[in-house]
Amino acid sequence: MIDVKEYIKEKIKNGTMHLTLLDPDPAKLTVENAKVIARKLKDAGTDAFLIGGSTGVTTESLNAITVAVREETGLPTIYFPSDVHAISDEVDAMLFMSIVNSSDPKYITHYHAKAAPYVKMLGIQTIPMAYIVVEPGMTVGRVAKAKLIPRDDVEQAAGFAIAAELLGMKLVYLEAGSGADKPVPPEMIKTVKMNIDVPLIVGGGIRTPEAAAAAREAGADIIVTGTFVEQCSDESLLTAVVKAAKGI
Ligand code: 1GP
């Protein structure tokens with residue numbers, strides 16, 4: 001298995017990474033579709049796959065999509081946890097993430113206490129990550145009862161990010177929510193990036209080369225696109241977004 005922490009460290013030395021998010025809810029994505037999308041995104045230059053969604057994910061669907069993506073692309077697969085009951089040892093790593101601005105302890109540490117013994121027993125590589133949900137927040141904001149960071153409150157976002165770093169988190173993720181009409185504001189990305197030394201992930205609502213470039217130029221180390229890559233059939237636009245994210 002790939003050492004994903006090391007892979008990320010090496011990649012971001014050379015610039016921003018692009019991660020493709022696939023939602024393994026069987027109602028949204030079949031294994032065959034996942035293979036087609038994964039192949040297209042590999043060709044477009046994506047660096048790794050995040051696999052996860054807020055609802056409808058099972059261990060079986062997670063395993064099936066992970067194996068398909070790995071076989072199709074050979075790129076790292078990283079579980080973006082959905083549900084305490086869905087855990088896979090097929091992934092190369094798992095984001096062991098706390099939704100630090102949730103108002104519900106379940107999403108901060110309590111679900112973790114239920115999942116952790118299994119994660120440890122299965123020997124899954126974990127990467128501790130703070131997940132900060134910004135307006136509009138979308139499904140994850142509602143499901144995880146996030147106290148959404150207002151789009152203009154860059155200090156609050158920075159405060160959560162710095163706290164996360166001091167708590168020992170190895171990644172910080174600024175999330176506007178999957179399918180958001182507006183991505184995380186570049187000003188917020190810039191302020192958070194200036195204040196932390198761990199890699200910064202940005203996602204939610206990025207679906208144009210301009211938005212991807214704006215996030216990269218503001219300081220994102222890793223840019224995630226999900227809805228756009230699942231829906232876009234124009235391969236030149238896919239490639240343009242991935243290239244804009246990576247600055248190549
Ligand atoms: C969601 O940040 C990701 O967790 C991706 O968002 O689906 O809007 O690309 P999109």
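If a residue has to be aliphatic (A, V, I, L, M) and more than 16 Å from the ligand (Cβ to nearest atom) to count, how many in segment 184-202 make the cut? Full working, then the answer.
So the first thing to find is which residues in segment 184-202 are aliphatic (A, V, I, L, M), and the list is 184, 188-189, 192, 194, 196, 198, 200-202.
Subset that is more than 16 Å from the ligand (Cβ to nearest atom): 194, 196, 198.
Matching residues across segment 184-202 total 3.
Scanning segment 167-178 for residues that are crowded, with 24+ Cβ neighbours inside 10 Å and away from the ligand (no atom under 16 Å from the Cβ) returns no hits.
Taking the stated definitions as given, is I162 at pLDDT 95 or above, more than 15 Å from the ligand (Cβ to nearest atom) and in contact with a helix residue (DSSP H, G or I) (Cβ under 7 Å, 6 or more places away or on another chain)?
Values: at pLDDT 95 or above: yes; more than 15 Å from the ligand (Cβ to nearest atom): yes; in contact with a helix residue (DSSP H, G or I) (Cβ under 7 Å, 6 or more places away or on another chain): yes.
Answer is yes for this residue.
Scanning segment 129-156 for residues being over 23 Å from L21 (Cα atoms) and either touching a Cys at 6+ places or on another chain (Cβ under 7 Å) or among the aliphatic types (A, V, I, L, M) (or both) gives a total of 1. State all residues of segment 146-159 that are in a helix (DSSP H, G or I) and surrounded by 14 or more Cβ atoms within 10 Å (Cβ to Cβ); if no residue qualifies, say none. Matches in segment 146-159: V154, Q156, A157, A158, G159.
Only one of the numbered conditions (1) surrounded by 20 or more Cβ atoms within 10 Å (Cβ to Cβ); (2) within 15 Å of the ligand (Cβ to nearest atom); (3) among the charged types (D, E, K, R) is violated by D181, and that is (1). Against the condition closer than 15 Å to A245 by Cα and either modelled with pLDDT of 95 or more or part of a helix (DSSP H, G or I) (or both), how does I65 come out, does it pass? Judged against the criteria, I65 is not a match. Pairs linking a residue in segment 1-21 that is buried (at least 20 other Cβ atoms within 10 Å of the Cβ) to a residue that is in a strand (DSSP E or B) and of a type in the set (G, A, S), with Cβ atoms under 6 Å and 6 or more positions apart or on different chains, are V4/A93; L19/A48.
Every residue, every condition in (1) closer than 20 Å to A34 by Cα; (2) more than 14 Å from the ligand (Cβ to nearest atom); (3) hydroxyl-bearing (S, T, Y); (4) touching a Ser or Thr at 6+ places or on another chain (Cβ under 8 Å), yes or no:
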site	(1), (2), (3), (4)
G204	yes, no, no, yes
A214	no, yes, no, no
T225	yes, no, yes, yes
V242	yes, no, no, yes
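Give the number of residues within segment 130-145 that are away from the ligand (no atom under 12 Å from the Cβ) and outside any loop (DSSP other than H, G, I, E, B). Within segment 130-145, residues that are away from the ligand (no atom under 12 Å from the Cβ) and outside any loop (DSSP other than H, G, I, E, B) number 2.
The values are calculated or read from the model by the stated rules, or taken from the named source; none is laboratory data. None of these values were measured; they are calculated from a predicted model. Heads up, the Cβs are rebuilt from the backbone with ideal geometry, glycines too, and the neighbour counts pull from every protein chain shown.
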